[in-house]
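The values are calculated or read from the model by the stated rules, or taken from the named source; none is laboratory data. Predicted, not measured: the structure shown is a model, and the values here were computed from it. When we count neighbours, we look across all protein chains shown, and the Cβ atoms used for this are built from the backbone with ideal geometry, even at glycine. The accessibility values were calculated without ligands, DNA or RNA, using every heavy atom of the protein model including side chains. Shrake-Rupley method; radii C 1.70, N 1.55, O 1.52, S 1.80 Å.
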4 protein chains.
Amino acid sequence: MPQKLRFGAGLWMFGQFVDRYATDAYGPRVGTLEAIDRAVQVGELSAIDINFPFPEPDLTVGRVKEALAKGGLRAAAVTPVIYNRQFQKGSFTHPDAAVRRSAIERAKSAIPVAHELGADYVKFWPGQDGFDYPFQSDYVQLWDYAVSGIREVVTSDPKMRFAIEYKFKEPRIHILFSTAARTLLALEEIAADNLGIVMDLGHSLLAKETPAEEVQLIARRGKLTNVELNDNWRDWDDDLTVGSVHLTESLEFVHALRKIGWTGYWMLDQFPFREDPVEAARASIRAIRALNRLLDRVDLEALRAAQDRQDALAAQRLVQRLFLGELEGSR
Amino acid sequence: MPQKLRFGAGLWMFGQFVDRYATDAYGPRVGTLEAIDRAVQVGELSAIDINFPFPEPDLTVGRVKEALAKGGLRAAAVTPVIYNRQFQKGSFTHPDAAVRRSAIERAKSAIPVAHELGADYVKFWPGQDGFDYPFQSDYVQLWDYAVSGIREVVTSDPKMRFAIEYKFKEPRIHILFSTAARTLLALEEIAADNLGIVMDLGHSLLAKETPAEEVQLIARRGKLTNVELNDNWRDWDDDLTVGSVHLTESLEFVHALRKIGWTGYWMLDQFPFREDPVEAARASIRAIRALNRLLDRVDLEALRAAQDRQDALAAQRLVQRLFLGELEGSR
Amino acid sequence: MPQKLRFGAGLWMFGQFVDRYATDAYGPRVGTLEAIDRAVQVGELSAIDINFPFPEPDLTVGRVKEALAKGGLRAAAVTPVIYNRQFQKGSFTHPDAAVRRSAIERAKSAIPVAHELGADYVKFWPGQDGFDYPFQSDYVQLWDYAVSGIREVVTSDPKMRFAIEYKFKEPRIHILFSTAARTLLALEEIAADNLGIVMDLGHSLLAKETPAEEVQLIARRGKLTNVELNDNWRDWDDDLTVGSVHLTESLEFVHALRKIGWTGYWMLDQFPFREDPVEAARASIRAIRALNRLLDRVDLEALRAAQDRQDALAAQRLVQRLFLGELEGSR
Amino acid sequence: MPQKLRFGAGLWMFGQFVDRYATDAYGPRVGTLEAIDRAVQVGELSAIDINFPFPEPDLTVGRVKEALAKGGLRAAAVTPVIYNRQFQKGSFTHPDAAVRRSAIERAKSAIPVAHELGADYVKFWPGQDGFDYPFQSDYVQLWDYAVSGIREVVTSDPKMRFAIEYKFKEPRIHILFSTAARTLLALEEIAADNLGIVMDLGHSLLAKETPAEEVQLIARRGKLTNVELNDNWRDWDDDLTVGSVHLTESLEFVHALRKIGWTGYWMLDQFPFREDPVEAARASIRAIRALNRLLDRVDLEALRAAQDRQDALAAQRLVQRLFLGELEGSR
């Protein structure tokens, strides 16, 4: 009997969205506790990735923990905010040593919060670490700043797990941790057992990676901390519902997760600017479940045999039968 | 009762493939008549787009016609070869007036062949007309050469239909007729009733168009001569089997064709470098049929209502139900 | 003696920037009059494209006019804000007729402002008109909504000029007016003499157009209302300083503008998130001037001859000599 | 006094070009010795990367060596042909063990040739190793095949140096060794001191890497065997002349090579389909020399200071002054 899937989400997907044009935002302000309420409404989530510090200065970790527990949720991760105004020119790689120090302290400040919430890991998403213009930076210096900054944080608490979430671009036009392979190289230099990778399906599509390939590359080195799912059009991190654009590659990603025996959360990371976030989360969960059910039905031996022969047409036929039904029908 | 779909193919997809690295080709030479035999083997094709001149100097149009008829095929189109060595720097836009003249004559030479074969149209695929380097060309001059050259050909025989097949790139790095909209602008300047557009699904994906949008733009102006189907990864014209990469967008393209009441051929244009071409054609036909069957089942009224509201999640749900089955199942 | 270049800028480039991550913005709030002050500080600008309504409810058009005049500036354009929260699902193409009506009224409301400010044109930038998901919209309906909405606005005042600024994407993932050619097709349907196109160099690069080609296509049809300059990495509208990434294509664009005898403004449209906007404007102006000076020195006859032959290497040599100096030097 | 630059080229750039459309090729056949003659004509080359086996069955290594020597050339590298018809479905990763064996033997057969020619390294360019369709392959299996195959070759002769040239795509749509970082990960697994990377500037641009960043990443790990230069439009390996499209990024790449103290060859890898290859090589050499001369003039201390501050506008100003001349001029 297949194991029941467990779902989680970034809490931000239930918050307020803004961009550089709709500066009056895509909806009213949403507080942390209200966002938790929305997450609860989804009815299928069991874990949350939550940003710290909370936007509300007087909101305590205890209150958040309580609200999560009351809603049947727990914290999967705490993600320190190292990409807002203060860190606009970088967090771990900021040119100013004082700001680099602030980034490290900000990241460390998430550790006791993660302990208190019982979270599995602290996530680094250094979206401002990189550059915008040719010749702007000394790339070796950026790399060394990032490696040493992250090493300091992760070695400060060997009992906590940490993970880097790589992304090809945005908000920085060129982000340092852009791909799975580059991040794996950095992990080796950092050389800390408690540091892994969070792989976001959309970030991988954006980086023109083959997600099913990279997730196995990461897992094989024992570095897959968690996965986040969504979809996009491959030239921006659109954070759409799962499977809405890349159905076949999403199926292949799910297949890869099953191959490596993934039993962790299936996290959602979406930005439903113009949709209801609760419905958008449910749509993704339905899609993930349905993709898993499709794969329950696939003839795995036949698929393996086709892949052993690298037989594109045979493999495609097995896959298309899942999506398109009996292929031999007439019309 | 739905109309039976009629399929066709470019004859080249049953021939020999070569590229710049495997200069010994991906397989042995295949003559025109042998390629027709392969097309017949597919068992589902009824029409062919055929290049002229034939590679065999002594092969007559009569022989080809006979071979087609014997195999139950007819010519949908004749495509003059205006993109080989002689035309490497352009056909209608070649810098040398003598070569431009040759291109026009070459194109005209396809007209009597099309008449003799009973083909529906002569197709221009000016894949060498464009440029490779910045500053290489006077773009206005290129445009005028192309417009006047094509005008000369199409006005030379008002009883024949003609069509331009646009493509974003390859073999020329920048092709003049790159998108549906640019080609429609050229068509207006040429102002000939017997000239339309052949829209290749893969070329549209490559141009980062929304194929379902552009096919309606073309059709609405009465300019859709034919369609060709295949798939690719959106940064090259990979000419893979239909639906192998972009399943949802292929479905949407099929939906658009049904909306405009398409009763013409569903042409295949593939380059199965490493696959059996007969099997590759069958795979595409199976996919096109299956996509049509899925759409037979969609609740069109609900889809129209969702689109009237521009309700992404509702529309997605209708579509995903087709691909993924009942979405409400548990797991 | 060459004519003196005249520069302008979108006023927004001197304002506050925000994105979806740095929700506390990249800097403090900047009022309209303060932004005008910054524009004046550039010391080289003579015209402004200004959004309406102003963010400050009590700011009068008279005050703005005064502030511009005092700073030696005038309004080149007024751009109605039809892309904020209210219009997040579309302006002219919003699914709700009442919001489409609001968009039309909002656009019309900019006309008396433009008259009062003495602006040359009202600019439509319908960045929310389009779609995010496959199957979300009826593309024909979107097109018709946009055509009829814009027609209503531009025919309401034949004495005012109007222009559409096309853009490939953002904030909507797929924008209806995505390319020069599609916009020209819409212009024909709208069929209004007082409607043209504002071409943004970066938008053209983003759409994978050849900017020097498209600007001539537009100009030749008498539809070039204005140009905006900036640079990006071709997969997002990064709004960087002119020539910072695509030096050769920027030079070619400037060359094309000179060929069509451009005497209008050279407008800047930048988003210097992490740079000083006054300095970023100056950098672009220096680059535009320098590109013009380079072209003052080019042997136009030799370039024309090379382009007549479509001789890539000869044309490149002329261009590289401008950038790289004497090419024959040893080392 | 700056060191004199030494140039090399892939011999193929002086041969015959063909693609899938101009199957009659872009010019007449060119034999190996004739290609060497053309390389000599360039007048600036001192080293050659040469394919093995030679196309001519009776051409001996001795004759080639003689011809090179007579022309003042030497072999920098020997590149075994593991990407033609026989290897169309893969070389080291071919599904059939017998073909994988052939690939290994083919690669090994280049080693004595490299010794006899006095070449610096044997280059692997496994352009067919990868996949075309989703679900076609077991990615872990492909990786292991490649790692073990290459390991066998490189450990068979510790006195020879070897290098992998990575490429994002083509001829295989998805190539296994797609980026610098992925290739570095493979190198670690292979763990052979005599194996490095050949970095092709165009391949790096195609992979959406920042070439100046990756070349330092490779060099720092002691793995930079050689570099090849050319240019393209970033979505295909167009193999154009150096600096023709990406002037600023080419300058930055040259700057990075100078920073790491590069004293090796500056190899050319071009496919001048429609240009004279001797002239195309000269154009690239002129550009590389000129880029180096520009950098001789840059204020390195000021650049380093700007990069320490990650000051985009200051760094850009230094760079633009090189390309555009005195920026303060009026107009």
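Okay, here's what the table says:
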{"item": "Evaluation of residue D:241 against (1) touching a helix residue (DSSP H, G or I) at 6+ places or on another chain (Cβ under 6 Å); (2) surrounded by fewer than 22 Cβ atoms within 10 Å (Cβ to Cβ); (3) more than 14 Å from chain A (Cβ to nearest Cβ) (one fails), failing number", "result": "(2)"}
{"item": "Qualifying positions in the stretch B:56-91 - under 12 Å from residue B:32 (Cα atoms), touching a residue at least 40 places away in the same chain (Cβ under 8 Å) and open to solvent by 30 Å² or more (accessible area, probe 1.4 Å)", "result": "B:65"}
{"item": "Residue among A:190, A:197 that is touching a residue at least 24 places away in the same chain (Cβ under 8 Å) and under 13 Å from the mean Cα position of the chain (by Cα)", "result": "A:197"}
{"item": "Residues within the stretch C:273-296 that are under 15 Å from residue C:243 (Cβ atoms), more than 8 Å from chain D (Cβ to nearest Cβ) and open to solvent by less than 40 Å² (accessible area, probe 1.4 Å), tallied", "result": "5"}
{"item": "Among the candidates B:238, B:231, B:193, B:269, residue that is at pLDDT 95 or above and closer than 23 Å to residue B:323 by Cα", "result": "B:231"}
{"item": "Scope the stretch D:46-55; condition open to solvent by 30 Å² or more (accessible area, probe 1.4 Å) and under 30 Å from residue D:286 (Cα atoms); matching residues", "result": "D:46, D:51, D:52"}
{"item": "2 or more residues within 25 Å of residue B:208 (Cα to Cα) and touching a residue at least 24 places away in the same chain (Cβ under 8 Å): qualifying helices (runs of 4 or more DSSP H) within the stretch A:220-331", "result": "A:247-259"}
{"item": "Scope the stretch C:302-331; condition facing chain D (nearest Cβ under 7 Å) and hydrophobic (A, V, I, L, M, F, W, C); matching residues", "result": "C:312, C:313, C:323, C:324, C:327"}
{"item": "Identity of the residue in the stretch B:209-234, more than 9 Å from chain C (Cβ to nearest Cβ) and among the polar types (S, T, N, Q), that ends up farthest from residue A:249 (Cα to Cα)", "result": "B:225"}
{"item": "Counted residues, the stretch D:288-331 - those being at pLDDT 95 or above and at positive phi", "result": "1"}
{"item": "Count of the stretch A:17-45 residues which are open to solvent by 40 Å² or more (accessible area, probe 1.4 Å), among the polar types (S, T, N, Q) and either in contact with a Pro (Cβ under 7 Å, 6 or more places away or on another chain) or farther than 23 Å from residue C:19 by Cα (or both)", "result": "1"}
{"item": "Every residue from the stretch D:297-331 that is under 25 Å from residue C:289 (Cα atoms) and either open to solvent by 70 Å² or more (accessible area, probe 1.4 Å) or among the basic types (Lys, Arg) (or both)", "result": "D:297, D:299, D:317, D:321, D:326, D:328, D:330, D:331"}
{"item": "Qualifying residue in the stretch D:189-199 (condition: crowded, with 23+ Cβ neighbours inside 10 Å and in a helix (DSSP H, G or I))", "result": "no"}
{"item": "Positions within the stretch B:92-101 being more than 9 Å from every other protein chain (Cβ to nearest Cβ) and either in contact (Cβ under 8 Å) with a residue 40 or more places away in the chain or open to solvent by less than 40 Å² (accessible area, probe 1.4 Å) (or both), in sequence order", "result": "B:92, B:99, B:100"}
{"item": "In the stretch C:151-188, residue most open to solvent (accessible area, probe 1.4 Å) [restricted to those that are part of a strand (DSSP E or B) and within 19 Å of residue B:211 (Cα to Cα)]", "result": "C:174"}
{"item": "Test set (1) part of a loop (DSSP other than H, G, I, E, B); (2) closer than 22 Å to residue D:118 by Cβ - residue D:8 fails condition number", "result": "(1)"}
{"item": "Only one of A:177, A:168, A:162 that is within 13 Å of chain D (Cβ to nearest Cβ) and either in contact with a Leu (Cβ under 7 Å, 6 or more places away or on another chain) or polar (S, T, N, Q) (or both)", "result": "A:168"}
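Each row is one residue, and each column tells you yes or no for (1) within 14 Å of residue B:7 (Cα to Cα); (2) in contact with an Asp or Glu (Cβ under 9 Å, 6 or more places away or on another chain).
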{"site": "B:251", "(1), (2)": "no, no"}
{"site": "B:255", "(1), (2)": "no, no"}
{"site": "B:280", "(1), (2)": "yes, no"}
{"site": "B:292", "(1), (2)": "yes, no"}
{"site": "B:311", "(1), (2)": "no, yes"}
